[in-house]
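Written below as structure tokens is the structure these notes are about.
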Amino acid sequence: MEKKKGSPWKSLLIYILIFAVVALLIYWVAGRNNSGKQISYTEFQNQVYAGKVEEIDVYGYTVRIRLKDGVSEDDFPRLNDCYCTFMSVNELTAFIDKYNESLYDLDAENNVQFNADGSIKVKEGAKLIEANYSYEQESWLSTIMPYVSVVLIVIIGIMLFRAMSGSSKGFGFGKSKARLVVSSNVKFSDVAGADEEKQELQEIVEFLKNPSRYTELGARIPKGVLLVGPPGTGKTLLAKAVAGESKVPFFSMSGSDFVELYVGVGASRVRDLFENAKASSPCIVFIDEIDAVGRQRGAGLGGGNDEREQTLNQLLVEMDGFETNSGIIVLAATNRADILDPALTRPGRFDRQVYVHLPDVKGREEIIKVHSKNKPLSDDVDFKRIARLTSGLAGADIENMLNEAALLTARDNRYKITMVDIQEGLNKVLMGPKKVSAHINESDRKITAIHESGHAIIAQSLPNCDNVQEISIIPRGNAGGYTLTLDEKDSTHLTKQKLLDSITMMLGGRSAEEIMLNDITAGASNDIERATKVARKMVAEWGMSDKFGLISFGEGEEIFVGRDYQRQVPYGQELAKEIDEEVRKIVDAAHKRAKEILLSKKEVIEKVEQILLEKETIYREEFEMIYNGASVEEVEKAIDKKEKEKREYQERAKKQATMERKMRDIKLRIETANAYLKAGMITKQAHDNIINEAEKELKALTENEKQEGEQKAEKESEIKEKKETKEAESKEKKETKETETSPKEEKSEEKKDTKKKTRKKDDKSDK
């Protein structure tokens, strides 16, 4: 039978007790000798000459002093006002005797006078200093205290040194900070939009549930699985789902938790983590953001980071030192797999890499359904439309969007989340909240309206641009206005024509300023920057330049400082100049194209500008009306109608929420009354009164709701009848016009036929 190792907490407790006892002794000795303020011997003499000293107590080489109006006589010398130390006993006694003698009342012959009781008579108002002398040596505790203090300091220093070096876990420096989850409630059903990723991880779950199924066949399950993907795609959630499905302990730790100020602590924590994992086998060890500790060795500017590399070395040893099928599986997540050390990603450590992609339209719809389970949604919420609108968003972004929508609903005191709330939540996630209170002068509003109209018109005119969803001159985030375009097709490939159209659309704002203002502003700086980046990638990375062809100039990789610090650019200055010229050609051609389109759509720019200055926001349907030739009045009426319908809908939603809340309160009152009656807390009569009153209120609410529903149905039927009569009238008018114009048309057709016949005759005669 193995002996249990002594707990590190036991030794730590002993050290703490020793420290506490010594501290108490120091406090006691210090309290025995003095309790007041320490002063110098000269200050003590000055206080004596000034007549402030009432009494002194001399113990060893310490003078404890009681001042006039100081501590009480009963508490002295246990408590004192101040104290000082002296060097010579004879000097002190001589000084006190001399001072007391100076206070004696002498006669004309300088002889001392005595009182009736035999005591020496002193001058009027003077008082002798009472002095108690005890010249015995100080206690043994006071003698050994300096040595005890030195020993204590040495012990504490040794403890700190051992803790910092990682050889001791007394203070927890070398102890792993991993959080243990014995059973995770997250299942694969809680992870949406990652079907292939779940399928890859299903093998891990099956192995943890039934390892013999694999070991009998001689199969080796991957020791490590690296989850790679953009932020917010659900890498951590997938790891928790693996733990939840396999029902094994789950050790979760961040890569930065290994790194500490003290040398050797990271490696010690790695050892401790895997010791705990082996004790809980089978289990899962999850290291989030592993790139914090797993970066390439020797890639630092000064030759590397010794502490981080030592931690990585220990991690490599622990992962490759497992016994076969030990039941410990390491999951790790990162979005920078390109900077990881090759030794970490080789077979035998992280055998498998699972790339967690951004969800497609189907995956986004599933994610929306998962995150909206506990949210009351209105009937107008369309999951498919939301999925199309959220192209390019990760799961975390979608969850944040729905949360923002719920917050907006709560702020408006409504009970159900509407489609309007979700669209506003999407805008907040993409561009930030509205700055409605910001004061903007009319000139700036006009410039913004012209700029955004240029973007929108180019996007609508070119076939490969994303669809315009919203145009606004209300500031959001860092933007003074915005044109929201979304790729509803959810396309994954970037074609050359699509990129050229996108650059043209980016430069539409600057082009509109040039046409309408005969001037330019700095508001297009971000558009120009993005357009230049896209054009440069087309030339230098994607092989879309006619001049350079299928050549990559290696500009696509993000620089990893340390690894790429001394890397030379693979081309010279002359070629760099040619690349810049080619980029400029693409941008200039797009700018010219944008100006040509906008010059032909100048009336549309003016209409969009006018409506934006009036209404501040134009949605997709209204913009299409403007683009297709509708007048400003028609579009403004359509916007007003939509805003009115939106307000009415929100009011109805509020009323419905209030009614539902009241119904819930009444039902809760009935349930409470039933429970109280069952427990014998109220009488039957009181219970019946509560129930009757609640049923009356419930009946009144239902009747109210019924009446409102009938009124709504009547209004809708009236609107429908009016619409039908208008359509019938317009149809009749059209028919009458057709009958009136038909004879004229016949005559015109006859004229056309005669003209054709005469032309034919003329042709024949010419021949």
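Only one entry of V112, V71 meets the criterion of being under 60 Å from the mean Cα position of the chain (by Cα) and of a type in the set (V, I, T), and that entry is V71.
When E606, E596, E651 are checked against the criterion of being assigned to a helix (DSSP H, G or I) and farther than 30 Å from V534 by Cβ, a single residue qualifies: E651.
Given the criteria under 22 Å from G229 (Cβ atoms) and in contact (Cβ under 8 Å) with a residue 60 or more places away in the chain, does G395 qualify? Against the criterion (under 22 Å from G229 (Cβ atoms) and in contact (Cβ under 8 Å) with a residue 60 or more places away in the chain), G395 qualifies. For segment 370-395, a residue qualifies if it is part of a helix (DSSP H, G or I), out of contact with any strand residue (DSSP E or B) (no Cβ under 8 Å at 6 or more places or on another chain) and open to solvent by less than 50 Å² (accessible area, probe 1.4 Å), and the qualifying residues are V370, I386, A387, G395. Among the residues of segment 68-94, none is identified as under 16 Å from E130 (Cβ atoms) and in contact with a helix residue (DSSP H, G or I) (Cβ under 7 Å, 6 or more places away or on another chain).
Among the residues of segment 427-481, the one identified as of a type in the set (K, R) and in a loop (DSSP other than H, G, I, E, B) is K435.
Within segment 203-236, if we keep just the residues that are without any contact (Cβ under 8 Å) to a residue 24 or more places away in the chain and among the aliphatic types (A, V, I, L, M), the residue that is most open to solvent (accessible area, probe 1.4 Å) turns out to be L217. Here the condition is being at pLDDT below 90, closer than 18 Å to F623 by Cβ, hydrophobic (A, V, I, L, M, F, W, C) and in contact with an Asp or Glu (Cβ under 6 Å, 6 or more places away or on another chain); of L462, L484, it holds for L484 alone.
If you check A675, A653 for being buried (at least 19 other Cβ atoms within 10 Å of the Cβ) and within 30 Å of E693 (Cα to Cα), only one passes: A653.
Only a single item in (1) more than 23 Å from Q460 (Cβ to Cβ); (2) of a type in the set (K, R); (3) open to solvent by 100 Å² or more (accessible area, probe 1.4 Å) is not met by K637, and it is number (1). Among the residues of segment 255-270, just one is within 26 Å of E399 (Cβ to Cβ) and either crowded, with 21+ Cβ neighbours inside 10 Å or modelled with pLDDT of 80 or more (or both), namely G255. Against the test of being open to solvent by 10 Å² or more (accessible area, probe 1.4 Å) and either modelled with pLDDT of 80 or more or under 24 Å from I204 (Cβ atoms) (or both), the options E307, E275 yield a single qualifying residue, E275. Look at T504 and say whether it is of a type in the set (S, T, N, Q) and assigned to a helix (DSSP H, G or I). The answer is yes for T504.
With the checklist (1) over 27 Å from H439 (Cα atoms); (2) free of Cβ contacts under 8 Å to residues at least 60 places away in the same chain in hand, flag the one item K615 doesn't pass. The single condition K615 does not satisfy is (1). The residue pairs whose first member lies in segment 372-387 and is closer than 24 Å to K489 by Cβ, whose second member is crowded, with 19+ Cβ neighbours inside 10 Å and basic (K, R), and whose beta carbons are closer than 8 Å, counting only pairs six or more residues apart or on different chains, are I386/R364; A387/R364. Summed over segment 481-510, residues that are under 25 Å from the mean Cα position of the chain (by Cα) and open to solvent by 40 Å² or more (accessible area, probe 1.4 Å) total 0.
For segment 612-633, taking the residues that are buried (at least 21 other Cβ atoms within 10 Å of the Cβ) and closer than 23 Å to L507 by Cβ, the one that is farthest from the chain's Cα centre (by Cα) is identified as I626. For I605, the conditions (1) farther than 30 Å from E452 by Cα; (2) surrounded by 17 or more Cβ atoms within 10 Å (Cβ to Cβ) are fulfilled apart from (1).
Listed by position, the helices (runs of 4 or more DSSP H) enclosed by segment 1-112 that each have at least 1 residues that are open to solvent by 50 Å² or more (accessible area, probe 1.4 Å) and modelled with pLDDT under 75 are 8-33. Scan segment 482-504 residue by residue and report those that are in contact (Cβ under 8 Å) with a residue 60 or more places away in the chain and farther than 24 Å from P359 by Cβ. Selection gives L500, I503, T504. State whether one or more residues within segment 172-182 are at pLDDT 80 or above, surrounded by fewer than 16 Cβ atoms within 10 Å (Cβ to Cβ) and outside any helix (DSSP H, G or I). Checking segment 172-182: not a single residue is at pLDDT 80 or above, surrounded by fewer than 16 Cβ atoms within 10 Å (Cβ to Cβ) and outside any helix (DSSP H, G or I).
For segment 634-646, the condition holds for at least one residue, the condition being that it is within 41 Å of the chain's Cα centre (by Cα) and either under 19 Å from A410 (Cβ atoms) or outside any helix (DSSP H, G or I) (or both).
The values are calculated or read from the model by the stated rules, or taken from the named source; none is laboratory data. Remember, it's a predicted structure, so these values are computed and weren't measured experimentally. Cβ sites come from the backbone with ideal geometry, for glycine too, and all protein chains shown count toward neighbours. We work out accessible area using only protein heavy atoms, side chains counted, and drop any ligands, DNA or RNA first. Shrake-Rupley method; radii C 1.70, N 1.55, O 1.52, S 1.80 Å.
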